[in-house]
Amino acid sequence: MYSGIILDQGRVDEVVEATGGGKRIRIESPTLVGRLQNGFSINVSGVCLTVVDLDERGFSVDVMPQTLKLSTVDDWQAGDVVNLEPSLRLGDEVGGHFVYGHVDGLAEIVEIDIQGNATIVMLRLPAELVKYIVPQGSVALDGVALTVVEVEDEILAISLTPETMARTTWSDSQVGDR
């Protein structure tokens, strides 16, 4: 379980195809490795993954074929930046929303608009997920807990604060990104 509050941005160091499908991905994050152990869960850009190898500079995770199908993980390459949040521990403050790290589908950015200090991002959702989205409800996108501004047909609008833009990979987002 996570809060959707990103604690670090890691960098994909290596992506290795697993025999028969899946991948092993190494991520550099010297800031968070002290909080991790082999077998611990970590939210990597919205996907709950298990640490399988750990050193002083980063960690590795195994990614199953089903996860590759439902998320953007299959697109990750060495050098990509990812959002990171270790799992919550009993007693931790939940500063965002409860986030499971179980990916339900992919949304595509169709528009980005700056309105004052807010960055409004419009995303096209898979039709089967629209019924689960409500205005002022919560949604996790790329591992970040966000509040829904509006949903109309298959278009979801979220509003990002300057702080969210500074601390997450959303600052690099572009129209067409999933």
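Say whether the condition of being of a type in the set (S, T, N, Q) and at pLDDT below 95 is met by at least one residue in segment 3-19. Yes, because at least one residue in segment 3-19 is of a type in the set (S, T, N, Q) and at pLDDT below 95. Identify, please: which residue in segment 86-111 is part of a strand (DSSP E or B) and at pLDDT 85 or above and is, among those, nearest to Ser29 (Cα to Cα)? Only one residue tops the list, namely Pro86.
Sub-7 Å Cβ pairs linking a first residue in segment 86-105 that is free of Cβ contacts under 8 Å to residues at least 40 places away in the same chain to a second residue that is assigned to a loop (DSSP other than H, G, I, E, B) and of a type outside the set (A, V, I, L, M), at least 6 apart or interchain, are Gly105/Pro126, ordered by first then second residue. When segment 20-35 is filtered for residues that are of a type in the set (A, V, I, L, M, F, W, C) and at pLDDT 95 or above, the ones remaining, listed by number, are Ile25, Ile27.
Scanning segment 138-178 for residues that are under 16 Å from Leu125 (Cβ atoms) and basic (Lys, Arg) yields a total of 1. Take the residues in segment 74-87 that are open to solvent by 30 Å² or more (accessible area, probe 1.4 Å) and not hydrophobic (A, V, I, L, M, F, W, C); name whichever of them is farthest from Val121 (Cα to Cα). The selected residue is Ser87.
The residues in segment 1-25 that are open to solvent by 10 Å² or more (accessible area, probe 1.4 Å), in a loop (DSSP other than H, G, I, E, B) and touching a helix residue (DSSP H, G or I) at 6+ places or on another chain (Cβ under 7 Å) can be counted, and the count is 2. For Leu70, the conditions (1) open to solvent by 50 Å² or more (accessible area, probe 1.4 Å); (2) in contact with a strand residue (DSSP E or B) (Cβ under 7 Å, 6 or more places away or on another chain) all hold with the exception of (2). Only residues that are polar (S, T, N, Q) and open to solvent by less than 30 Å² (accessible area, probe 1.4 Å) were counted across segment 117-134, and they come to 1. Of all residues in segment 135-170, those being crowded, with 17+ Cβ neighbours inside 10 Å and β-branched (Val, Ile, Thr) number 7.
Of all residues in segment 88-109, exactly one satisfies the criterion of being surrounded by 15 or more Cβ atoms within 10 Å (Cβ to Cβ) and at positive phi, namely Gly101.
Within segment 48-89, no residue satisfies the criterion of being in contact with a Pro (Cβ under 7 Å, 6 or more places away or on another chain) and farther than 24 Å from Gly34 by Cβ. What about Ile114, is it open to solvent by 10 Å² or more (accessible area, probe 1.4 Å), free of Cβ contacts under 8 Å to residues at least 12 places away in the same chain and assigned to a strand (DSSP E or B)? Answer is yes for this residue.
The values are calculated or read from the model by the stated rules, or taken from the named source; none is laboratory data. Values in this document were obtained by computation on a predicted structure and should not be read as measured data. Heads up, the Cβs are rebuilt from the backbone with ideal geometry, glycines too, and the neighbour counts pull from every protein chain shown. Heads up: the accessible areas ignore ligands, DNA and RNA and are worked out on the full protein's heavy atoms, side chains in. Shrake-Rupley method; radii C 1.70, N 1.55, O 1.52, S 1.80 Å.
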